[in-house]
């Protein structure tokens with residue numbers, strides 16, 4: 001399989017450098033291509049990434065911030081245009097462990113189309129400075145998604161996942177809708193993959209929140225979480241496709 005691993009980042013230069021360094025030391029380095037998606041950062045991230053070009057680190061840059069959904073869409077289109085088989089999305093703010101990439105890819109090898117990393121599958125894999133409202137919301141969201149889909153899901157808001165790019169040959173998955181530019185695209189993809197009966201599974205992964213002094217979450221508690229909840233209601237109630 002031709003595999004692309006892509007962290008998504010906006011103004012995370014210090015944490016993003018750690019993300020890159022950790023990937024360069026992980027078991028998958030040299031076996032998968034690595035592309036950082038910079039969503040219009042203005043903090044020197046682009047220059048930092050250039051210093052890793054000779055070690056196989058590529059980067060795409062939006063001219064201005066467009067939203068995480070728009071950034072993931074750009075990566076999906078890049079991966080499809082360059083004939084990759086599998087895309088792995090991970091956080092650009094150092095919450096995900098690149099040593100766990102083989103766990104997601106093994107499930108792809110086992111025949112699954114969409115592999116969701118879950119910090120709650122069987123045990124709790126959350127550490128660091130996780131905001132309290134996120135502890136509540138990350139439990140509520142999968143419960144609601146499970147309710148609409150009739151499938152038991154433990155973690156639907158974790159962006160650490162792998163999927164076969166062949167699913168985008170299915171015209172019923174339309175990532176070009178403008179309402180998917182912010183946080184909506186991630187739950188949209190998961191919801192559609194399950195509803196359309198692609199082979200779906202969750203695998204246990206950890207999620208470690210960096211110290212608050214390195215920069216706190218950019219997600220706003222109300223607007224951000226409505227953005228993530230929106231696809232569940234829109235798709236579940238048949239309001240959007």
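So here's what we get for this one:
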{"read-out": "Separation of the residue 132 and residue 179 label points, Cα + 7 Å toward Cβ, nm", "value": "3.3"}
{"read-out": "Difference of contour (0.36 nm per residue) and Cα-Cα distance, residue 172 to residue 43", "value": "42.7 nm"}
{"read-out": "Among [x] 17.9; [y] 19.9; [z] 18.9, the entry derived from the coordinates for Kirkwood radius over Cα pairs in Å", "value": "[x]"}
{"read-out": "Contour excess over end-to-end distance, with Cα ends at residue 85 and residue 139 and 0.36 nm allotted per residue", "value": "16.3 nm"}
{"read-out": "Over the stretch 111-212: Kirkwood hydrodynamic radius from C-alpha pairwise inverse distances, Å", "value": "14.4"}
{"read-out": "Residue 51 paired with residue 223, simple spin-label distance in nm, labels 7 Å along Cα-to-beta-carbon", "value": "3.3"}
{"read-out": "The stretch 3-236, relative contact order [Cα under 8 Å, separation at least 6], %", "value": "25"}
{"read-out": "GNM flexibility winner over the chain from 66, 166, 51 (Cα, springs under 10 Å)", "value": "51"}
{"read-out": "Estimated [θ] at 222 nm from DSSP helical runs (n ≥ 4, -39500 (n - 2.57)) normalised by residues in the chain, nearest 500", "value": "-11000 deg cm²/dmol"}
{"read-out": "The chain: most fluctuating residue of 145, 90, 130 per GNM, C-alpha cutoff 10 Å", "value": "130"}
{"read-out": "Among 136, 89, 72: highest mean-square fluctuation, GNM of the chain, C-alpha pairs under 10 Å", "value": "136"}
{"read-out": "Descending Cα extents along the principal axes, the stretch 46-168, whole Å", "value": "43, 35, 28"}
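Rule-based calculations on the coordinates, nothing more; no lab input. It should be emphasised that the depicted structure is a prediction, and the values quoted were computed from it without experimental measurement. Virtual Cβ from ideal backbone geometry, glycine too; neighbours counted across all protein chains shown.
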